[in-house]
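Below is one structure, written out as structure tokens; comments come after it.
No lab work stands behind these numbers, since they all come straight from the coordinates. The shown structure was predicted, so the numbers you read here are calculated from the model rather than taken from an experiment. Glycine gets a Cβ as well: all are built from the backbone with ideal geometry, and neighbour counts include every protein chain shown.
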Amino acid sequence: MDTRQSSLAERHAVADGQPQVKFVTRGVHVYYGEKEAIKGVSLDILNNEVTALIGPSGCGKSTYLRCLNRMNDTVDSARVTGSILLDGTDIYDKKVDVVQLRARVGMVFQKPNPFPKSIYENVAYGPKIHGLATKKADLDAIVETSLKKAGLWNEVSDRLETQGTALSGGQQQRLCIARAIAVSPEVILMDEPCSALDPIATARVEELIDELRENYAIVIVTHSMQQAARVSQKTAFFHLGDIVEHGKTEQIFTNPREERTRDYITGRFG
Amino acid sequence: MPNDHIVTSYDKELENLRSSIARMGGLAETQIAGAVDALFKRSAERAEQVVEADKALDDLEIAIERDAISILARRQPMASDLREIVSALKMSSVLERIGDYSKNIAKRVTAINESDNFRIVRTVGDMAHLVQKMLKDVLDAYIDQDAVKAMDVWERDAPVDELYNSLFRELLTYMMEDARSITPCTHLLFAAKNVERMGDHVTNLAEIVFYLVNGEILEDTRPKGDRTSFTVLRPNED
């Protein structure tokens, strides 16, 4: 593992108009009570890139993901140490407004979880509570752009008052992505966003992820190795609360340096 | 491979692929020896055997291709497994090609035999011997996953090219001296060219083994030693 070296190279790349570092995380530990779930993870998340976190169940990849917008705060026994900087600011600083943070760092979950409200309200809710739009016309515009960016507009434009929960699973997930986009986030976290979707809906979401990359930094946790290989530019392999290997996706999947990575991605893990 | 797959049938499929390649390699070696043997013994019968035996190589290539595609489709192989399958695909087509060259040499035996007094130049045998040894070693490198050994083979193509260059000039001289030798000399020249090409293909195999082991594609910077494309011999010159 040479995250320190690669992050240096990436910072050099900024000068050449390459992706810039969005998140710098160093020595991140997470404890659930006595149990140490993450054991000092250091990783950089770059803008305009998809970073995939892979690893067996319980390896800490979702826990790490949830550190990035302080979702672990909602777990009483969870304790996070180490430094997590978003654009250079420590997101665990007392002065940080968690609600604001979660608007900047949006999240999409494994199971589509639209609010039991209309499609329109699902998307408009965030901008409203964050005061991004007060006039109806502005809100309409945000709803339309968000649904368009999420690739859902053409399918729902004539029935925005329908319940979000009435959509198909794939549409619901894209609605949740639209909802996340509506508050103009900078980073989108996705925790197994396709595991409840059929292959066609999965392909749509993957296509969407690739488009969203233009404007956001995306971190995706996935159990599907093929999905990680398809959608991401960087891949980090987690095992037992540590990052075993982190690098360019192509390299990880054709020529991993670590035997444990090789064993996992080729299906040799005992 | 140090660890087995969780799905044991996957291991078996990869193992089959490896042993099919090894079998193809063994056959290709035998074919070179057989073709050259037929040439020097002037045995049409032996040549016929070589031509017949080429079918087995063709069949194996198709079987390997089918198996490899099936694994790709069903297992979505990654990392060393992916390299293993891609390598098997490429190696099988190279080995099939090497077999074709042996077959072509064997086919020329009858025509060369027409000329009773024609002496088969020993250099062809020397070239074939070198190439056969290279092929054997590259197959060992494949089975042992030994990139160093593969690179050693890679560098051994130059002497084959050198022999070919000198043979080319030698045969041109014979043809200038005696017009009756043109037919057998031309056939022999083609046979030698076939051996020279086999050597090139063996270096491709070495590159594939290098990729299989190291995961890095070797840029083809090997100097080409066959200079006969530029060789001119003028009559009435020293």
Isotropically averaged projected area of the stretch B:8-230, using the convex hull of Cα atoms (one quarter of hull area), nm²: 12.3 nm²
Nitroxide proxy distance, nm - points 7 Å out along Cα→Cβ at residue A:242 and residue A:90: 2.6 nm
Dipole magnitude of chain A, debye to nearest 20 (Cβ charges: Lys/Arg +1, Asp/Glu -1, about Cα centre): 380 debye
Rg/Rh (Cα only; Kirkwood hydrodynamic radius) as it applies to the stretch A:3-265: 0.97
Virtual spin-label span in nm between residue A:31 and residue A:165, 7 Å along Cα→Cβ: 4.0 nm
Separation between Cα centres of the stretch A:192-222 and the stretch A:123-155, rounded to whole Å: 20 Å
Two-site label geometry, residue A:140 and residue A:75: point separation in nm, points 7 Å out along Cα→Cβ: 4.4 nm
Cβ-Cβ FRET estimate between residue B:52 and residue B:22, R0 fixed at 25 Å, reported to 0.05: 0.70
Span-like helix ranges in chain A, DSSP H, alpha carbon extent 15 angstrom or more, Kyte mean at least 0.0: A:169-182, A:199-212
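Using the Kirkwood radius over Cα pairs, work out the Stokes-Einstein diffusion coefficient for the stretch A:35-162 at 37 °C and 0.692 mPa s, in µm²/s as a whole number.
In µm²/s, the coefficient is 190.
Averaged across the residues of B:72-80, what count of C-beta atoms belonging to other chains lies within 10 Å of each residue's C-beta?
Going residue by residue through B:72-80 and averaging, the value is 5.
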Distance from the stretch A:68-117 to the stretch B:115-140 (C-alpha centre basis), Å: 71 Å
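How high is the FRET efficiency from residue A:259 to residue B:227, r the C-beta distance, R0 35 Å, rounded to 0.05?
My answer for the efficiency is 0.15.
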Rounded to whole Å, sorted largest first: equivalent-ellipsoid semi-axes of the protein assembly as shown, Cα gyration tensor: 64, 23, 21
Residue among A:28, A:96, A:183 with the largest mean-square fluctuation in a Gaussian network model of chain A, springs linking Cα atoms under 10 Å: A:96
